[in-house]
Structure formats: structure tokens, C-alpha cells
Amino acid sequence: MNLGDLPWTRVKATVDDGRPVVAILPLGAVEAHGPHLPLNTDIIISDGMARRAATLLQARDVEAFVLPAIAYAPAHYASEFVGTISISEATARALILDIARSLKGQGFACLALANSHFDPANVAMLRSLAPECAAIGLPLAFPDFTRRALAAQLTAEFVSGACHAGQFETSLVLADRPELVDDPARAGLADNPSSLVTAFAAGATNFTEAGGPHAYFGSPAGATAQEGEATFAIMAEALAASVVEAIR
Ligand SMILES: [Zn+2]
């Protein structure tokens, strides 16, 4: 299921088999996520969503491969924190479109984007990809969790906009990579109810201006692996549904 773990012959046999084959591209960022979560948090979340969606799709007669994740993205809001690596929208866009062209030539039926990195510049770049993917001839599936209808399916903290390295994301990392969560550190963190959505709209240009001088928003102390697993299930279902819609 992880394309990078397989020999090319297995991938070819699947593409030749006749059923639609989707490539799921996890999109992350190397970005500060508080003093308790790893810089790779969004990669872990997007990869976990992609693997669960692949399982759901196989039950719906759609073959799915999870591609190696793109680790780098526009992450301007967190670029004040050491360890964050932010790239331009143009670079990220060109990379994803080159991947789409390569997959199209090999018989894939759809490119699905598993994204959990909600920096506004990144989301705007991803939203702009559909027309070019259509021109390439490869349908694009992109469940955008920042859209109201999808956001409403997620947790109350996510909807509040206080949703970076808080209960929402910490729970997801606890579900898949608990050994990477610094539990003593998160237990000592006060809740930070500052809303990123409100701050972005008001013109904040970095996390400190948005009220998050330690690169977290929300309630890390309230996170549980159980909530993370429930959220993964919702995100994976949204991704699988958008693939089925795209290839119909
Ligand atoms: Zn994140």
C-alpha cells in the first residue's frame, strides 16, 4: 500500500489490473508545533489519514497507493521558530503538478491530496491546483478541511480556530506516534484559546502576533489517543469519499 515500499513490478501489476488506481499524496510541513509535538506533526497526520483512506478505498474496489509524503510546504506563519522550513508556494505547486504529470503517464486514475497543514498560503496554493490537474487529465481529489462543511465534522477546538498543536493535533499524533509526544511538557501547558482563523482575518502575519508565542493554540493537555483515532476516521472517510467522487 505504501508505494515507496514496493517493487515497481507490484505497482505495474496493479495498474494493469483494470480497476481504478489512485495515488494518495500526503502533504506535510516541517513546522514548529509547540514544545511538545515534533516538527513533523503534519506529515504524521497526513500520512495517517492517507493510510486509513487507502484501506477504505480498497473496500470500495478502488486500488490505492500512498506515495512518499512531501515534507516541505509554505509555512510562513511559523517561520519565526527555529526548525521550521518554509518554501515558496510556487515551488510547492510546481512539485505537486510535476508529480501529477508523472502519474498521469503511468495510468493512474486520480491524484488525492491528504493535507493537514492549514497555513493559509498552503491551502490557497492547493485550492489553485484543480484546473491544471484537469488540463493534465488527472482528476484531483482534495478534501479541504478548512471549508465550513468539512470543518464542522471535526472537533469543537478545530472549529474554534484555536487549532495548531492543541487538543486536535496532539490527539492525532498520540494515536499514531505516541512516543513522539512529550507528555510532561504538554501536561504543563496552559490552554491557549486564541483563534488562528480570527487572527489571520485581522492581519496577523505570524504565530506570535496571532497570540501563540510558543507555537501552539488550543488545549494540548486535553488530548487523547481515542479522540485522535476518531478524528482520523472522519478525515480518512472524507478523503475516500472525495476520491470516489473524483473518479466517478
Ligand atoms: Zn499542524
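The values are calculated or read from the model by the stated rules, or taken from the named source; none is laboratory data. It should be emphasised that the depicted structure is a prediction, and the values quoted were computed from it without experimental measurement. So basically every Cβ, Gly included, is an ideal-geometry build from the backbone, and we count neighbours across all protein chains shown. Note: areas computed on protein heavy atoms with side chains; ligands, DNA, RNA excluded. Shrake-Rupley method; radii C 1.70, N 1.55, O 1.52, S 1.80 Å.
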Of the residues that make up segment 15-25, is at least one more than 27 Å from Ala225 (Cβ to Cβ), more than 16 Å from the ligand (Cβ to nearest atom), in a helix (DSSP H, G or I) and among the small types (Gly, Ala, Ser)?
no
Output the residues belonging to segment 163-172 that are modelled with pLDDT of 95 or more, open to solvent by 10 Å² or more (accessible area, probe 1.4 Å) and either near the ligand (Cβ under 9 Å from one of its atoms) or in a loop (DSSP other than H, G, I, E, B) (or both).
His164
Any residue that is within 16 Å of the ligand (Cβ to nearest atom), closer than 30 Å to Ala210 by Cβ and modelled with pLDDT of 95 or more - is there at least one of those in segment 91-107?
yes
So, Gln106, is that one touching a residue at least 24 places away in the same chain (Cβ under 8 Å), open to solvent by 40 Å² or more (accessible area, probe 1.4 Å) and over 22 Å from Ala69 (Cβ atoms) or not?
no
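Any idea which residue in segment 173-187 is farthest from the ligand (Cβ to nearest atom), counting only those that are of a type in the set (Gly, Ala, Ser) and open to solvent by less than 40 Å² (accessible area, probe 1.4 Å)?
Taking the candidates together, the pick is Ala185.
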Count of segment 40-55 residues which are surrounded by fewer than 21 Cβ atoms within 10 Å (Cβ to Cβ) and over 16 Å from Gly228 (Cβ atoms):
1
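Let's see how each residue does on (1) more than 23 Å from Gly212 (Cβ to Cβ); (2) open to solvent by less than 30 Å² (accessible area, probe 1.4 Å); (3) out of contact with any strand residue (DSSP E or B) (no Cβ under 6 Å at 6 or more places or on another chain):
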site: Leu57; (1), (2), (3): yes, yes, no
site: Glu63; (1), (2), (3): yes, no, no
site: Phe81; (1), (2), (3): no, no, yes
site: Phe118; (1), (2), (3): no, no, yes
site: Ala124; (1), (2), (3): no, no, yes
site: Gly161; (1), (2), (3): no, yes, yes
Would you pick out the residues in segment 112-130 that are modelled with pLDDT under 95 and of a type outside the set (A, V, I, L, M, F, W, C)?
Asp119, Pro120
Out of the residues in segment 83-103 that are assigned to a loop (DSSP other than H, G, I, E, B) and small (Gly, Ala, Ser), which is most open to solvent (accessible area, probe 1.4 Å)?
Ser88
Scan Val21, Val15 and give me the residue that is open to solvent by less than 20 Å² (accessible area, probe 1.4 Å) and over 19 Å from the mean Cα position of the chain (by Cα).
Val21
The condition of being modelled with pLDDT of 95 or more, within 12 Å of the ligand (Cβ to nearest atom) and under 25 Å from Glu179 (Cα atoms) holds, among Leu37, Leu67, only for Leu37
The listed residue being in contact (Cβ under 8 Å) with a residue 60 or more places away in the chain, more than 14 Å from the ligand (Cβ to nearest atom) and in contact with a Ser or Thr (Cβ under 9 Å, 6 or more places away or on another chain), out of Pro143, Pro220, Pro139, Pro120:
Pro143
